[in-house]
Amino acid sequence: MKIMVIGCGRVGAGLARQLSLDGHDVVVVDSDPAAFGRLAPGFPGRTVAGTALDRPVLVAAGVEDADALAAVTGSDEVNAVIARLAVKRFRVPRVVARMYDPRQADLYGRLGILTISPVAFGIGRLSELLALKDVATVATLGGGQVDLNQVSIPPALDGRPCSELEVAGEIDVAAITRGARTFIPDTATRLHKGDVVYVVATAGAGERLQALLGGA
């Protein structure tokens, strides 16, 4: 895939390096040429110096042929504008914008732009870890319509079929980590105490999932 990364801060540089390692054709855009020094030596992608708010800069970076774009500058407002340009004017198939303000993330999510809010995610994750919850949300999909949850299997579910954690159309077991191995379960898979189970659940199904864990 041809992927554009707008912003070469710590997140942008790290994302560009990872995408390149994954075999993608990466273009990084930043208004400060010195920012490209954050990229790994021998970075195989292309760099373009200039503000991505300028249409000619985006065109020069190849936005018209891009398969995906990540707007990860230090400004929510800049990320939002770039994301909307990419979606509305250039028809980039997949666009993600980083938003520090969770309210902004919700707003642009309702406008059809995929967003990630490190602040909201970090607060939620810290709360879960501090409260020692059995269910921790590690990612949200579709603007919050579906959650990916990390579940610790209690002793009461040891030896029970993983289907006991599933509800058709609401809750589904996606993967299980057991020791050093992670695998996708089948209908015969049974849960073991100490398993870390990754469960996808629709928004609002969290209480039902908690009940399945505590009611076995």
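Just so you know, all these numbers are worked out from the coordinates, no wet-lab data involved. Keep in mind it's a predicted model, so treat the numbers as computed, not measured. Please note: Cβ atoms are built from the backbone with ideal geometry, for glycine as well, and neighbour counts cover all protein chains shown.
For the chain, hydrophobic long helices are taken as DSSP H runs at least 15 Å long by C-alpha position along their axis with mean Kyte-Doolittle hydropathy of 1.6 or more; none is present. Checking [x] 58; [y] 54; [z] 61 against the coordinates, the calculated percent of Cα pairs over 22 Å apart falls under label [x]. Considering every alpha-carbon pair of the range 133-216, the percent of pairs per 10 Å bin, from zero through the bin containing the longest distance, is 19, 57, 23, 1. For the range 2-119, the Kirkwood estimate of the hydrodynamic radius, built from every pair of different alpha carbons, is 13.9 Å. In a GNM of the chain with a 10 Å cut-off on Cα contacts, which of 82, 123, 176 has the highest mean-square fluctuation? Checking each option, the largest mean-square fluctuation is seen for 123. GNM remark for the chain: springs join alpha carbons under 10 Å apart, and the peak mean-square fluctuation among 71, 40, 86 falls on 40. As a length-normalised measure over Cα pairs under 8 Å and 6 or more apart, the relative contact order of the chain settles at 13 percent.
In terms of other Cβ atoms within 10 Å, 170, 77 run from fewest to most in the order 77, 170. With springs only between Cα atoms under 10 Å, which of 47, 115, 73 fluctuates most in a Gaussian network model of the chain? Residue with maximal mean-square fluctuation among 47, 115, 73: 47.
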